[in-house]
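J.: Dumping the structure here so I can ask a few things about it.
The values are calculated or read from the model by the stated rules, or taken from the named source; none is laboratory data. This one's a predicted model, so the numbers in the text were calculated from it and none came from an experiment. Cβ: placed from backbone, ideal geometry, glycine included. Neighbour counts: every protein chain shown. Just the protein is used for accessible areas: all its heavy atoms, side chains included, with ligands, DNA and RNA removed. Shrake-Rupley method; radii C 1.70, N 1.55, O 1.52, S 1.80 Å.
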Amino acid sequence: MRAARFHEYGGVENLVIEQAPDPHPGPGEIRIRVAAAGVNPIDWKARAGALQGLLPVELPAIPGRDAAGVIDEVGEGVQGAAVGDRVFGLGGVTGATAELAVLSAWAHAPTTWSDEESAGAGLASVTALGGLNALGPLSGRTLLIEGAAGGVGSAAVEIALAQGATVIGTASERNHEFLTDLGAVPTTYGHGLAERLAALAPHGVDFVLDTAASGSLDDLVAITGAPTRVSTIADHANAQRLGTHIVNAVNDSALLASAAELGRQGRYTPRIERAYPLERIADAHAHGERGRTRGKVVIGI
Ligand SMILES: NC(=O)c1ccc[n+]([C@@H]2O[C@H](COP(=O)([O-])OP(=O)(O)OC[C@H]3O[C@@H](n4cnc5c(N)ncnc54)[C@H](OP(=O)(O)O)[C@@H]3O)[C@@H](O)[C@H]2O)c1
């Protein structure tokens with residue numbers, strides 16, 4: 001199969017397109033013919049070797065944590081999925097940016113989503129759902145999302161709105177119209193956030209989901225009044241010090257299915273800032289790595 005790979009840890013210049021062995025699904029897994037793969041911060045962390053101690057990858061490695069496509073092989077014991085089904089989901093830390101990819105968690109892709117949107121839904125939706133679920137019921141509550149314009153943040157805005165929350169999101173000003181379109185009340189991050197929130201939410205902010213890891217966690221705890229009202233997916237060190245919830249993505253098909261159901265209802269549609277062809281994976285990584293992505297960057301295979 002054709003795949004993007006890197007043979008050594010390093011920068012985007014290490015990414016090459018070449019032939020790689022076809023993968024096959026193990027028990028409980030499926031293989032898809034990939035239509036599009038997601039681009040996530042874990043991709044450049046893995047490529048740069050930053051995860052070596054935590055989540056080692058075997059070299060040469062195919063980048064990519066999530067993808068969408070059509071099932072072409074089904075592993076032993078898999079139920080409720082058949083060759084020809086259109087799905088999206090999650091594989092390992094690497095392996096998705098290729099013609100064929102093995103997934104261990106998946107859901108049927110809503111017909112309302114394009115292949116690119118489906119590819120943008122995997123890691124973002126399970127991470128957003130995990131981060132929100134840690135906070136408790138959101139109906140009637142006011143939620144602040146710190147870092148609302150990125151892949152996880154924009155998914156969390158729509159999912160939290162569907163759960164009945166009022167959502168305030170932080171982003172730079174150029175992304176405020178984007179947040180308004182998603183249904184959130186936008187505000188800028190950084191100095192003076194508590195004062196801006198006092199004006200936007202006179203009854204207070206009940207919960208915060210932090211996706212930005214910008215050093216604001218102390219302020220976010222002060223804004224809600226308790227560390228248990230804050231969850232972060234990105235600021236592990238400060239979360240441990242402060243006692244907030246720390247959430248890591250899990251390969252959970254039930255979470256993907258609930259995200260897909262919101263897709264069918266028209267309440268959650270991953271926003272794709274740009275889709276790159278496989279040959280331009282280096283540009284796709286560089287785009288994401290700049291840290292300014294609005295919604296998701298994906299790669300069409
Ligand atoms: N724990 C897990 O399992 C898990 C899973 C997925 C992701 N993550 C982590 O979560 C973080 C977010 O992931 P992602 O995929 O959403 O990343 P992303 O799409 O690359 O995030 C980019 C967004 O971050 C916003 N941003 C940058 N600095 C900000 C700040 N100081 N305050 C508020 N927003 C800011 C940018 O908005 P502006 O351009 O408007 O500034 C941009 O829209 C990353 O660190 C990632 O590694 C963790």
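J.: Which of the numbered conditions does Thr293 fail, given that it passes all the others? Conditions: (1) open to solvent by 20 Å² or more (accessible area, probe 1.4 Å); (2) assigned by TED's automatic domain parsing to the domain that holds Ala149; (3) near the ligand (Cβ under 10 Å from one of its atoms).
T.: Among (1) open to solvent by 20 Å² or more (accessible area, probe 1.4 Å); (2) assigned by TED's automatic domain parsing to the domain that holds Ala149; (3) near the ligand (Cβ under 10 Å from one of its atoms), the lone unmet condition for Thr293 is (2).
J.: Of the conditions (1) farther than 27 Å from Gly140 by Cβ; (2) part of a loop (DSSP other than H, G, I, E, B), Arg267 clears all except one; give me its number.
T.: In the conditions (1) farther than 27 Å from Gly140 by Cβ; (2) part of a loop (DSSP other than H, G, I, E, B), Arg267 misses (1) alone.
J.: How many residues are of a type in the set (D, E, K, R) and in a loop (DSSP other than H, G, I, E, B) when one looks only at region 89-116?
T.: Here is the first cut: in region 89-116, the residues of a type in the set (D, E, K, R) are 99, 115-116.
Of the ones still in play, those that are also in a loop (DSSP other than H, G, I, E, B) are 99.
Selection size over region 89-116: 1.
J.: Right, next: So which residues in region 46-72 are over 17 Å from the mean Cα position of the chain (by Cα), among the hydrophobic types (A, V, I, L, M, F, W, C) and open to solvent by less than 10 Å² (accessible area, probe 1.4 Å)?
T.: Residues of region 46-72 that are over 17 Å from the mean Cα position of the chain (by Cα), as a first pass: 47-62, 69-72.
Okay, now just the ones that are also among the hydrophobic types (A, V, I, L, M, F, W, C), so 48, 50-51, 54-55, 57, 59, 61-62, 70-71.
Scanning region 46-72 gives Ala61, Ile71.
J.: Right, something else. Can you name every residue in region 212-235 that is outside any helix (DSSP H, G or I) and of a type in the set (A, V, I, L, M, F, W, C)? I'd like the intermediate steps shown before the answer.
T.: Restricting attention to region 212-235, the residues satisfying the condition of being outside any helix (DSSP H, G or I) are 212-216, 225-226, 230-235.
Once the filter is applied, which keeps residues that are outside any helix (DSSP H, G or I) and of a type in the set (A, V, I, L, M, F, W, C), region 212-235 yields Ala212, Ala213, Ala226, Val230, Ile233, Ala234.
Residue-by-condition table, conditions (1) under 24 Å from Ala121 (Cβ atoms); (2) without any contact (Cβ under 8 Å) to a residue 40 or more places away in the chain; (3) open to solvent by less than 40 Å² (accessible area, probe 1.4 Å):
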| site | (1), (2), (3) |
| --- | --- |
| Thr228 | no, yes, no |
| Ala237 | no, yes, no |
| Leu278 | yes, no, yes |
| Glu289 | yes, no, no |
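J.: Taking the residues in region 202-219 that are among the hydrophobic types (A, V, I, L, M, F, W, C) and within 11 Å of the ligand (Cβ to nearest atom) as candidates, determine which candidate is modelled with the lowest pLDDT. Outline the logic, then answer.
T.: So the first thing to find is which residues in region 202-219 are among the hydrophobic types (A, V, I, L, M, F, W, C), and the list is 205, 207-209, 212-213, 217.
Now drop any that are not within 11 Å of the ligand (Cβ to nearest atom), which leaves 209, 212-213.
Numbers: Leu209: 99, Ala212: 98, Ala213: 94.
Filtering region 202-219 for residues that are among the hydrophobic types (A, V, I, L, M, F, W, C) and within 11 Å of the ligand (Cβ to nearest atom), the one modelled with the lowest pLDDT comes out as Ala213.
The rows are residues; the columns are (1) under 29 Å from Pro227 (Cα atoms); (2) surrounded by fewer than 18 Cβ atoms within 10 Å (Cβ to Cβ); (3) more than 10 Å from the ligand (Cβ to nearest atom).
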{"residue": "Asn248", "(1), (2), (3)": "yes, yes, no"}
{"residue": "Leu256", "(1), (2), (3)": "yes, no, yes"}
{"residue": "Ala260", "(1), (2), (3)": "no, no, yes"}
{"residue": "Glu273", "(1), (2), (3)": "no, no, no"}
{"residue": "Ile281", "(1), (2), (3)": "no, no, yes"}
{"residue": "Ala284", "(1), (2), (3)": "no, no, yes"}
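J.: If the requirement is being more than 30 Å from Gly28 (Cα to Cα) and under 20 Å from the mean Cα position of the chain (by Cα), which of these qualifies: Glu273, Glu195, Glu261, Glu279?
T.: Working: Glu195 fails: under 20 Å from the mean Cα position of the chain (by Cα); Glu261 fails: more than 30 Å from Gly28 (Cα to Cα); Glu279 fails: under 20 Å from the mean Cα position of the chain (by Cα).
Residue meeting the stated conditions: Glu273.
J.: Taking region 284-299 only, how many residues are touching a Phe, Trp or Tyr at 6+ places or on another chain (Cβ under 7 Å), assigned to a strand (DSSP E or B) and not aliphatic (A, V, I, L, M)?
T.: 0
J.: For the subset of region 16-45 comprising residues that are crowded, with 22+ Cβ neighbours inside 10 Å and within 18 Å of Asp283 (Cβ to Cβ), which member is farthest from the ligand (Cβ to nearest atom)?
T.: Among them, the one singled out is Ala36.
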